[in-house]
Amino acid sequence: ENSSLRKFAHTAAHDIQSSLRGISAALSWMEEDGFEAKSTREHQELALEQAKKLQHLTHSLLEISLLQDQKPVFQTVDLTEIVEEAHKMISHDLASAGGRIEFGTLPEWRVVPDLMTRLILNLCGNAIKYGVSDDPLEIAIEGGITQKGDLRLTVTDNGPGIEARYAEKIFEQATRLQSEGEGSGFGLAICAEIAKNHDGHLRLDTGYTNGARFVFEMPRTAHA
């Protein structure tokens, strides 16, 4: 655990320092160029981009801290409503990516509503962020009850997928397999923490090859 925390702290500090160096450099270049209008605009864009990365990172750090410290409050809810709420919240990004989400009727289950909404948001956001493909982005959310009586939710996209060798690494804090795009690299780590808070488990379906498929499972008896 201590080793994991040290690695996490080191990576977070490195990312923070990197963004701060970018902002400082942009401000210095503005001064060096005598605050000439065209140059100032270009360097301001760089500073704003780094500031945005810093904002994403600090937000994720706070979110992970809250997840690890707070006692979750469980409620019996219609998971279809949870997915509909997440769909509304991500609709702008989805439209910008030219994608769509399909989902049917999902079961009622005892969960922490806000955390489940965040789980769906992060998984769909991940699909949008990395869903570079010749075909329009499609995300499918399905749910049901396993033979053991556990809840199973799957979030599937038709993007480039994730290699099986990264199946565990992607859930580590501050892991990002691609450097392009926005984000802090904490999205899937937050999802893994949410799964743990539900006494459940989140995994990558390594047998699925037409994109990426994430599988969340949790027992009904965990918080009855």
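The table below lists the values:
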| read-out | value |
| --- | --- |
| Filtered residues of the stretch 124-158 (kept if touching a Cys at 6+ places or on another chain (Cβ under 6 Å) and in contact (Cβ under 8 Å) with a residue 60 or more places away in the chain) | none |
| Filter pass, Lys169 being modelled with pLDDT under 90, over 23 Å from Val77 (Cβ atoms), open to solvent by 40 Å² or more (accessible area, probe 1.4 Å) and in contact with a Ser or Thr (Cβ under 6 Å, 6 or more places away or on another chain) | yes |
| In the stretch 149-166, residue most open to solvent (accessible area, probe 1.4 Å) [restricted to those that are over 22 Å from Met218 (Cα atoms) and in contact with a strand residue (DSSP E or B) (Cβ under 9 Å, 6 or more places away or on another chain)] | Pro160 |
| Condition check for Lys196: part of a helix (DSSP H, G or I), modelled with pLDDT under 90 and exposed (fewer than 15 other Cβ atoms within 10 Å of the Cβ) | yes |
| Residue match in the stretch 35-45 (condition: open to solvent by 60 Å² or more (accessible area, probe 1.4 Å), at pLDDT below 85 and polar (S, T, N, Q)) | no |
| Residue check, Phe74 at pLDDT 80 or above, aromatic (Phe, Trp, Tyr), out of contact with any Phe, Trp or Tyr (no Cβ under 9 Å at 6 or more places or on another chain) and loosely packed, with under 11 Cβ neighbours inside 10 Å | no |
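The values are calculated or read from the model by the stated rules, or taken from the named source; none is laboratory data. In this text the structure is predicted, and so the values were computed from the model without any measurement. All Cβ positions, even for glycine, are placed from backbone atoms using ideal geometry, and neighbour counts span all protein chains on display. Note: areas computed on protein heavy atoms with side chains; ligands, DNA, RNA excluded. Shrake-Rupley method; radii C 1.70, N 1.55, O 1.52, S 1.80 Å.
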